[in-house]
Amino acid sequence: MQTINKSVRYFLFAIVMVSIIACNNNEASIDDHVHDHDHSDHNDHTEDTHTEPDHEEGEVHLTVQQVKTMNITLGDFSQLKINDFVSATGAMGVPPNGITSVNTRANGFIKDSKKYVEGSYVRKDEIMAYLENPEFIQLQQQYLETEAELSFLKLELERQKTLVEASAGVVKNLQKLNSDVSIKTATLKGIGKQLEYLGINVAEMSPDNITERIAIHAPMTGYITSLVMHDGMYVTPEQELMEIINEGHLHLELDVFEKDIAHIKEDQRISYIVPAMGNTVYEGEVHIIGKEFNIENKTVRIHGHMQEERPRFIRDIFVEAKIWLNDHTVEALPEAAIIKDGASSYIYYANPDQTDDEVIFNRVMILPGTTDKGFTSVKLIQEIPDGMKIVTEGAYFVYAQSKAGELKHEH
């Protein structure tokens, strides 16, 4: 508040000083006028009177001879096929099948987990940690016991078959054994499937290698983007321990404005940069044009494939891109016709049918686009009046004359 009050005081002081100086100048002018009044009669006949013609603001008046001398040429837009582009922004992303979650297949405690951090690279089937649970021991024990019982039942079944064939056995016993063998076989296969699901190879299992732990493997190759797993942690199958993204599925997700979407086609070349990583330009191509319109942003999502040379992977990092338009016809002008004045760009136009000794030039603001083979695509911000022609050569001479006129006017 003190700073604001101080600024106000300075402002008021400045106004007062300007007013005082203005008053003094007026008084001085009056005194001078009175003092010089006696001499005015002698000087009136020697002073030259020069009246500047009234010009519209922004107009440049040149003589016909100046126009010829500077080879100022009037023309019109050219319809050219310039390799133009559509600007787009977006991010590096991955499709759903390029992302996987790491979960356990049973309850248990995490043991001997590797010291991963977010951004660590893992390979498919790499052992990342172990899951311990005493129930794994019981399940293996059940399998081995069931396997032994099934072996005994099969032997007994063969013996009963032999007795029945020799009319020395009881058919009912044989039937009962057949049923028992079928039940035990189904039980064994069921337990075996559970163990295989947990990652325990039943073919190599024996009473000597029963284990209380199973390995947690990386489901695919990629980078870890989130991680909550640590030793001693009790987990359940529905918990996500980490997320892995496969860099091979990395693509561009670009947003194109509604007005430009008609120009976009599959396989068009994309050049893009990641501003956070420098100005290196990478290449890609349009792969899929989205079918959903974003009402809020007035954009359509474009999915682009990246070429082999690509930036370092960081998920969802900002990207600036150009989608190059093949054989796109645009209105273009020679580069020399476009005047850049600070952040703005202009072109000049004039009436080609003027009959006076002067040619009047006016300027109009434009948005320049892509330049190719000496021509630049142009979009008008203001309309050019009917019947006018554009300065296609010598525009900088017209511009220089306008600046000279401004300086003269200031003096």
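The values are calculated or read from the model by the stated rules, or taken from the named source; none is laboratory data. Quantities reported herein were computed from a predicted structural model and do not represent experimental measurements. Because the Cβ atoms are built from the backbone with ideal geometry, glycine has one as well, and the counts that use them run over all protein chains shown.
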Output the residue which, of all residues in segment 147-158 that are among the acidic types (Asp, Glu) and surrounded by 13 or more Cβ atoms within 10 Å (Cβ to Cβ), is nearest to the chain's Cα centre (by Cα).
-> Glu147
Kindly list the number of the only condition in (1) surrounded by 14 or more Cβ atoms within 10 Å (Cβ to Cβ); (2) part of a strand (DSSP E or B) that fails for Phe293.
-> (1)
Options Lys172, Lys193, Lys161: the member that is modelled with pLDDT under 95 and surrounded by fewer than 14 Cβ atoms within 10 Å (Cβ to Cβ) | Lys172
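A quick yes/no check of all residues on (1) touching a residue at least 60 places away in the same chain (Cβ under 8 Å); (2) surrounded by 19 or more Cβ atoms within 10 Å (Cβ to Cβ); (3) more than 30 Å from Ile72 (Cβ to Cβ):
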site	(1), (2), (3)
Ile314	yes, no, yes
Val319	yes, yes, yes
Asp356	no, no, no
Ser377	yes, yes, no
Any residue in segment 174-187 that's within 13 Å of Glu156 (Cα to Cα) and free of Cβ contacts under 8 Å to residues at least 24 places away in the same chain: show its pairings with residues that are surrounded by 14 or more Cβ atoms within 10 Å (Cβ to Cβ) and not aliphatic (A, V, I, L, M) at Cβ separation under 6 Å, as long as the two are six or more apart or on different chains.
-> Leu174/Gln160
Just checking, which of Ala400, Ala343, Ala395 is touching a residue at least 24 places away in the same chain (Cβ under 8 Å) and either basic (Lys, Arg) or assigned by TED's automatic domain parsing to the domain that holds Leu74 (or both)?
-> Ala395
Looking across segment 228-275 at residues that are surrounded by fewer than 11 Cβ atoms within 10 Å (Cβ to Cβ) and small (Gly, Ala, Ser), the single one that is nearest to Lys81 (Cα to Cα) is Ala262
Segment 57-104: strands (runs of 3 or more DSSP E) wholly inside it with 2 or more residues that are over 23 Å from Ile347 (Cβ atoms) and hydrophobic (A, V, I, L, M, F, W, C) are 85-93, 99-102
Answer with yes or no whether Asn279 is farther than 20 Å from Pro95 by Cβ and free of Cβ contacts under 8 Å to residues at least 24 places away in the same chain.
-> yes
Looking only at segment 209-227, decide whether some residue is surrounded by fewer than 18 Cβ atoms within 10 Å (Cβ to Cβ), part of a helix (DSSP H, G or I), aliphatic (A, V, I, L, M) and in contact (Cβ under 8 Å) with a residue 24 or more places away in the chain.
-> no
Subset of segment 358-375, residues modelled with pLDDT of 90 or more and among the polar types (S, T, N, Q), comes to Asn362
Segment 379-411, subset among the small types (Gly, Ala, Ser), at pLDDT 90 or above and part of a helix (DSSP H, G or I), residue surrounded by the fewest Cβ atoms within 10 Å (Cβ to Cβ) = Ala400
How many residues, within segment 258-290, are under 18 Å from Leu325 (Cα atoms), touching a Phe, Trp or Tyr at 6+ places or on another chain (Cβ under 8 Å), outside any strand (DSSP E or B) and hydrophobic (A, V, I, L, M, F, W, C)?
-> 1
